[in-house]
Amino acid sequence: QAVSSSALPPPALSRSETRMAPKKRPAAKIESKISITGGSYIEEHGLKELLEKVLCEIEEKKPSDPLKALHTLLEENSGAKKVKKDSASWTAFPSPGEALWRQEAQARARLVMEGTFPGKAEIVCNGHEPRSFPVDPKDTALVLIDMQWDFLESTGRVGQHYSDLTSVRSGMDGCEKLLELCREKGFTIAHSRSHRYGTLVKSELVGTDDEGYELHPRFRAREGEIVVDKWTYGAFASTHLERELMARGVKRILLCGVLTNVCVFATASQAVDRLISVCLVEDACAAFNFDWHKKALGLINEPQIQPGHKRGVGLYFGEITQVEKVEAALKDLKE
C-alpha cells in the first residue's frame, strides 16, 4: 500500500544539525514612509502632509490602540490646520456621502440662512412680492448650457429630428446679449458641452473638432473662460464645473441655454444642491417646445416665490428674470 510523503515520520537529525542555530542580528531600523495619492481636496487644505506624517509615526511606534493614537496625533499636530465645523471652505465638495461633504454643506447652509450675500447690483425677479437677485462680478458667473450646433441647427444630431426649430432658437439672441454684457462687466463665464444625446453617450466627440459637438459660432468660448464637457444632463454631476467656479470665488450663477426642460433644469437643481444660488434668465433659455419651456420655468420658480422662501434667494430652485432686467441692473456697474 502506497503511503503519502506527508504521512511519513520526519527523518532523524544528526548531532550537528541539532546544534542551536546562531542568533540572527537584529534588523536595521527602516524608516516608515507612507504616501497618500489623489484626493485634491485634502491636498488643497494641507491635510495630505499631515496625514502622511501621523501615519508614519503610528507605523513606527505600533501602538496597541492605533485608532486612539491616530486621534491623539491628529489633535497634537493639526495646529493651524484645524477648521471650524461651521466655517464653509467654498471649495468643491468631496465625494458625495463623505463626512466632509456633509460638514461643508451644513456650513454653507448656515451662511446662506444668515442672509443673502450682498452684491454690487440687484436684478429684479419674478414674484408676487418684490424679489431681486444680487450680483457681483467677483462672485457671480454666467453659465451657458449646451449652446451647441447639434441642438440649434437643422443639421445637428438632435436638431435634425425636429421640423421646426423656432422654439429652441428663441433664446439665442438673449444668450448672445447676456454673454456680451457679462464679458464686458468682468463676470466669470462658463460653458457646458453635452455628449449626452438622450440615452446615448458619445464620449468619442470630446477633444475633437466635430462641428456638431462644438459650441455654436455665436457662442464660442474665449481664452480663460471655463468649458466643461458633460455626459449627464446637469453640468455639475459629471464635470469639474464646481471646482472651476469655486476657484474663482463664485457663489451664485446667472443661468441660460438649452434645453430649459432638460439640461438647464438639471443644472439649476444640481447648483442649489451645492448651495449655489441660481437666477435663470427665461428669454435666454429655450426648449424644442414652448410648453416644455414654460413647464420647466414653473417647476423651477413656483416653489421659490411662495411665502417664506424669500430668505433663500435663488435656492428653491431658482429666481427667474429677463434679459432686459439684467441689462438694466448692470447698466451702470463698473468692472
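At R0 = 22 Å, how high is the FRET efficiency between Ser89 and Arg274 if r is their beta carbon distance? Nearest 0.05 is fine. Don't jump to the answer; show the numbers that get you there.
Numbers: r = 12 Å, r/R0 = 0.57.
About 0.95, to the nearest 0.05.
Would you mind classifying the range 107-192 by shape? Square roots of the alpha carbon gyration tensor eigenvalues, ordered a ≥ b ≥ c; an a/c under 1.5 is rounded, otherwise it is prolate if a/b is larger than b/c and oblate if not. Write out the running numbers ahead of the final one.
Numbers: a/c = 2.35, a/b = 2.11, b/c = 1.11.
The shape class here is prolate.
Taking every alpha-carbon pair within the range 244-283, the share separated by more than 12 Å comes to 57 percent. Its Cα gyration tensor gives the range 288-335 an equivalent ellipsoid. The semi-axes, each the square root of 5 times an eigenvalue, are 23, 18, 7 Å from largest down.
Taking the three principal axes of the alpha carbon atoms in the range 220-335, the coordinate ranges are 38, 37, 26 Å, sorted in descending order. Give the distance, in whole Å, between the Cα centre of the range 140-206 and the Cα centre of the range 256-335. For the range 140-206 versus the range 256-335, the Cα centre distance is 16 Å. Expressed per residue, the C-alpha convex hull volume of the range 157-255 stands at 120 Å³. Glu52 exposes around 30 Å² of accessible area when a 1.4 Å probe is run over every protein chain in place. In angstrom, the C-alpha Rg and Dmax of the range 263-309 are 11.1, 34. Each residue was assigned an accessible area with a 1.4 Å probe, and for Asp210 the value is about 40 Å².
The values are calculated or read from the model by the stated rules, or taken from the named source; none is laboratory data. The model shown is predicted, which means the values in this text are computed figures rather than measured ones. FYI the Cβ positions are ideal-geometry reconstructions off the backbone, even for glycines, and counts take in every protein chain you see. With ligands, DNA and RNA removed, areas are computed over all heavy atoms of the protein, side chains included. Shrake-Rupley method; radii C 1.70, N 1.55, O 1.52, S 1.80 Å.
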